[in-house]
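The values are calculated or read from the model by the stated rules, or taken from the named source; none is laboratory data. Fair warning: this is a prediction, and the values are worked out from it, not measured in the lab. Methodologically, a virtual Cβ is constructed for each residue, glycine included, from the backbone with ideal geometry; neighbour enumeration extends over all protein chains shown. Quick note on the areas: whole protein, heavy atoms, side chains included, nothing else; ligands and nucleic acids left out. Shrake-Rupley method; radii C 1.70, N 1.55, O 1.52, S 1.80 Å.
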Amino acid sequence: MLTLHHGTGVRRTDEAGCQVDAGHALVVEGGTLAAVGPFTELYAAYGDRARVREWAGVLDPGRYEPDAAPLLEQAYHPDPREAAALGTEPLTGDALAALEMTDTRWGASARRGLQRLLASGTTALSGHFTRAPVRRAVERSAVRLLSAPLSAPLSAPRPRALVPEGPADFAVSGPDGACLATVLGGRLVHRRA
């Protein structure tokens, strides 16, 4: 199925940095990014056979998180039902050590951590996962697991380039820069409420 994704523009990354090409759009065929270019040109070429999806934001390259292992294996992401007792932010250090962490709890925490990553527009990550329940959660998620070295400090996810004929992974950023939606392999996997 062909889908023409149209927002306020497409952000591309290159050696010069990140810039928005206003008026640009993306064409997705199945799980592959088929074309990037001006909306009017893409609509003329694909509009009669593609569904058009309108977004209220900039179409961004998916973000890459090289620090996924420590983010998911050295932090506990509380369940919303635990918010009164544990809060809503990830727990590390002494707060993590005070919890009784079972394999079931690690797996559930990793799934919630992956949801946080998807909510930030992350579409790919890397890391050496030593906890089996965390590794299973990552493998079962839609997020792409890439083999790349870990960087030293925890950091904000880094954007990747939108490359035609690559996987159809991108995020939609609103005017405030917050992620509105995350698309993996052409499928919507996260949308901000």
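Below are the figures for this structure:
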| read-out | value |
| --- | --- |
| Answer from VAL28, VAL36 - the residue that is out of contact with any Pro (no Cβ under 9 Å at 6 or more places or on another chain) and part of a strand (DSSP E or B) | VAL28 |
| Yes/no for LEU86 being farther than 30 Å from VAL28 by Cβ, buried (at least 18 other Cβ atoms within 10 Å of the Cβ) and more than 20 Å from the chain's Cα centre (by Cα) | no |
| Total residues in the stretch 100-110, condition more than 19 Å from LEU145 (Cα to Cα) and either open to solvent by less than 10 Å² (accessible area, probe 1.4 Å) or not in a helix (DSSP H, G or I) (or both) | 3 |
| Filtered residue count, the stretch 59-78, keeping only those that are under 19 Å from the mean Cα position of the chain (by Cα) and open to solvent by 20 Å² or more (accessible area, probe 1.4 Å) | 4 |
| The stretch 163-180, residues that are touching a Leu at 6+ places or on another chain (Cβ under 8 Å) and on the phi > 0 side of the Ramachandran plot | GLU165 |
| Any helices (runs of 4 or more DSSP H) falling wholly within the stretch 50-99 and containing at least 1 residues that are out of contact with any strand residue (DSSP E or B) (no Cβ under 6 Å at 6 or more places or on another chain), at pLDDT below 95 and of a type outside the set (Lys, Arg) | 68-73 |
| In the stretch 7-32, the residues that are under 14 Å from ARG53 (Cβ atoms) and open to solvent by less than 40 Å² (accessible area, probe 1.4 Å) | GLY7, VAL10, ALA25, LEU26, VAL27, VAL28 |
| The stretch 39-49: number of residues that are surrounded by 14 or more Cβ atoms within 10 Å (Cβ to Cβ) and not in a loop (DSSP other than H, G, I, E, B) | 5 |
| Count of the stretch 40-59 residues which are in contact (Cβ under 8 Å) with a residue 24 or more places away in the chain and over 19 Å from ALA161 (Cα atoms) | 12 |
